[in-house]
Amino acid sequence: MAAPNLVKALVVCYLLQRSLLFVDSAIGINWGTRSSHKLPPPVVVDLLKENRVGKVKLFEADPDILRALMGSGIEVMVGIPNELLGVLGSSPAACDQWVSRNVSRFMDKGGADIRYIAVGNEPFLTTYQGQYQSLVLPAMLNLQQSLVKANLASYIKLVVPCNADAYQSASVPSQGTFRPELTQIITQLVSSLNTHGSPFVVNIYPFLSLYQSSDFPQDYAFFEGSSHPVVDGQNVYYNAFDGNFDTLVAALDRIGYGQMPIAIGEVGWPSDGTPSANLSAARVFVQGLINHVLSNKGTPLRPGVPPADIYLFSLLDEDQKSILPGSFERHWGIFSFDGQAKYPLNLGLGNAALKNAKDVPYLPPRWCIANPSLDPSAVADHMEVACNVADCTTLFYGGSCNAIGEKGNTSYAFNSYYQLQKQDARSCNFDGLGMVTFLDPSIGDCRFLVGISDSGSPVGCTKFCGLWIMALWILCKNFECVVMLFEDFAL
């Protein structure tokens, strides 16, 4: 009788472990705000709801965004910038104030549904050279106590989004370990996460592996199968995502937490700015990822157990992000800056395709271009000034506007600056080299944008504005007259 009872006990333990690991994997999305053309938060919340996105991750506690999320039913992860970790770790009072100001006041009845607080963003990244390593745990300890004081500790969990460079393997996923200098800190961190029922959050980017190494097999970055699989004993890996994920699983197992739930804080594929970042590749990767995760196949080390949650990176393009990592950095969105879908995508949330943002408060339909009658050789300095401030990354090699010619490049740069300056007439002067046009100068796949108004409501007349402007053009026969009349009308 002892043997059957032992078998039953082992089966129960196995099922219990799997039940602790397994939760319905949900698709969420990152909402970044480093943009000079910000959509009003209520428009973005409506965009999320129209696309049935039930989870959103914020990089900071923006009060306007949190107000817009109140009553939406969307679960929220609120981020704390790395720069705040020091003061929060050294001052319980500062933590109390942060929680009160950025969490509690938005969580009354019908308020924002804040479920997680992200303590820092990739604070163990190697490029930070240990700057934030010692600050994470003290900040977590103080924040946990602040949540207890606010009676929110049972509802809101603390997490620490980590970059995948926190762990490593010399060869195959099963050999995964945390970086030696992080082992002690990560062990303490995971112990705390486990105590409070929080997942380990990791950011995984197969695109960066492909971008940074010419030897990386391109098909291994996607989910269509690979002619260069990684063989790890009896396990075979056909995509980089699973290989990276299981490297983390192995690293967690080595510190005694092999059953730790894992959520994906960021994963995506950019659509512009470099040859491997294009609309086709972005669509294939993101759709493949969603299908793979929602199939519940899991990975070789966690079969049948997908990530707890997965947050796509990202919702919208952000033209003010640093391009130090690469010119693709401003093009991660599945939507363009104005909430228009870039490519067909089924998020697996009930809609067969993405739905575009509505009631976008565009500036008037006008653009700044290089005056075709002037010498193009005189524009180099002005282009440099424009592109130092505005986003010109689509003009770079591999970008969607790379092949529009010299005059096209100049016009694109001038217009990007003009829209950044909210169509201030003086910003299209460029020492007389620029001129305003009311005819869309977009060329093929190269889109010349129209900016977004800060007022939060559509600017100008109606869809017949273009015809009205052209009539004025014919009547006035004078460029300055048209601009003046239109600006008066818009006001």
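For first residues located in the range 398-427 and touching a residue at least 40 places away in the same chain (Cβ under 8 Å), partners that are of a type in the set (Phe, Trp, Tyr) and open to solvent by less than 30 Å² (accessible area, probe 1.4 Å) and lie 6+ apart or on another chain with Cβ distances below 6 Å form the pairs 401/412; 415/367; 415/448; 427/418. Which residue is farthest from residue 283 (Cα to Cα), if the candidates are limited to the range 227-250 and must be open to solvent by 20 Å² or more (accessible area, probe 1.4 Å), in contact with a strand residue (DSSP E or B) (Cβ under 9 Å, 6 or more places away or on another chain) and not β-branched (Val, Ile, Thr)? So, considering only residues that are open to solvent by 20 Å² or more (accessible area, probe 1.4 Å), in contact with a strand residue (DSSP E or B) (Cβ under 9 Å, 6 or more places away or on another chain) and not β-branched (Val, Ile, Thr), the one farthest from residue 283 (Cα to Cα) is 235.
Which of the residues that make up the range 55-103 are in a loop (DSSP other than H, G, I, E, B) and within 20 Å of the chain's Cα centre (by Cα)? Matches in the range 55-103: 59, 60, 61, 62, 74, 81.
The residues on offer are 365, 344, and the sole one that is open to solvent by 50 Å² or more (accessible area, probe 1.4 Å), touching a residue at least 12 places away in the same chain (Cβ under 8 Å) and farther than 30 Å from residue 55 by Cβ is 365. Could you pull out the residue among 209, 214 that is closer than 30 Å to residue 275 by Cβ and loosely packed, with under 15 Cβ neighbours inside 10 Å? When all the criteria are applied, what remains is 214.
Close contacts from the range 74-94, counting a first residue that is under 16 Å from residue 116 (Cβ atoms) and a second that is open to solvent by 60 Å² or more (accessible area, probe 1.4 Å) and part of a strand (DSSP E or B), with Cβ to Cβ under 8 Å and a gap of 6+ residues or different chains, come to 75/115; 76/115; 77/115. If you check 137, 193 for being open to solvent by 10 Å² or more (accessible area, probe 1.4 Å), within 30 Å of residue 244 (Cα to Cα) and in a helix (DSSP H, G or I), only one passes: 137. Among the candidates 272, 253, the residue that is in contact with a His (Cβ under 7 Å, 6 or more places away or on another chain), open to solvent by 10 Å² or more (accessible area, probe 1.4 Å) and over 23 Å from residue 55 (Cβ atoms) is uniquely 272. Quick check on residue 377: is it of a type in the set (Gly, Ala, Ser), open to solvent by 70 Å² or more (accessible area, probe 1.4 Å), closer than 29 Å to residue 41 by Cβ and out of contact with any Ser or Thr (no Cβ under 7 Å at 6 or more places or on another chain)? No: the conditions fail for residue 377. Within the range 104-117, the set of residues being within 24 Å of the chain's Cα centre (by Cα) and open to solvent by 40 Å² or more (accessible area, probe 1.4 Å) comprises 115, 116. Here residue 52 meets the list (1) modelled with pLDDT of 95 or more; (2) under 17 Å from the mean Cα position of the chain (by Cα) almost entirely, failing just condition (2). Summed over the range 56-71, residues that are of a type outside the set (A, V, I, L, M) and buried (at least 21 other Cβ atoms within 10 Å of the Cβ) total 1.
Right, residue 125: in contact with a Pro (Cβ under 9 Å, 6 or more places away or on another chain) and either small (Gly, Ala, Ser) or without any contact (Cβ under 8 Å) to a residue 60 or more places away in the chain (or both) or not? So residue 125 does not fit the description; no.
For residue 264, the conditions (1) in contact (Cβ under 8 Å) with a residue 12 or more places away in the chain; (2) over 22 Å from residue 401 (Cα atoms); (3) open to solvent by 10 Å² or more (accessible area, probe 1.4 Å); (4) not polar (S, T, N, Q) are fulfilled apart from (3). So, residue 258, is that one assigned to a loop (DSSP other than H, G, I, E, B) and surrounded by fewer than 24 Cβ atoms within 10 Å (Cβ to Cβ) or not? Against the criterion (assigned to a loop (DSSP other than H, G, I, E, B) and surrounded by fewer than 24 Cβ atoms within 10 Å (Cβ to Cβ)), residue 258 qualifies.
If I filter the range 165-178 down to residues being open to solvent by less than 20 Å² (accessible area, probe 1.4 Å) and farther than 17 Å from residue 235 by Cβ, which single residue comes out as farthest from the chain's Cα centre (by Cα)? That would be 178. When you look at residue 131, is it open to solvent by 20 Å² or more (accessible area, probe 1.4 Å), under 26 Å from residue 76 (Cβ atoms) and not hydrophobic (A, V, I, L, M, F, W, C), yes or no? Considered against the rule, which asks whether it is open to solvent by 20 Å² or more (accessible area, probe 1.4 Å), under 26 Å from residue 76 (Cβ atoms) and not hydrophobic (A, V, I, L, M, F, W, C), residue 131 comes out as no.
The values are calculated or read from the model by the stated rules, or taken from the named source; none is laboratory data. Predicted, not measured: the structure shown is a model, and the values here were computed from it. Positions of Cβ are backbone-derived with ideal geometry, glycine not excepted, and every protein chain shown enters the neighbour counts. Heavy atoms of the whole protein, side chains included, go into the accessibility calculation; ligands, DNA and RNA do not. Shrake-Rupley method; radii C 1.70, N 1.55, O 1.52, S 1.80 Å.
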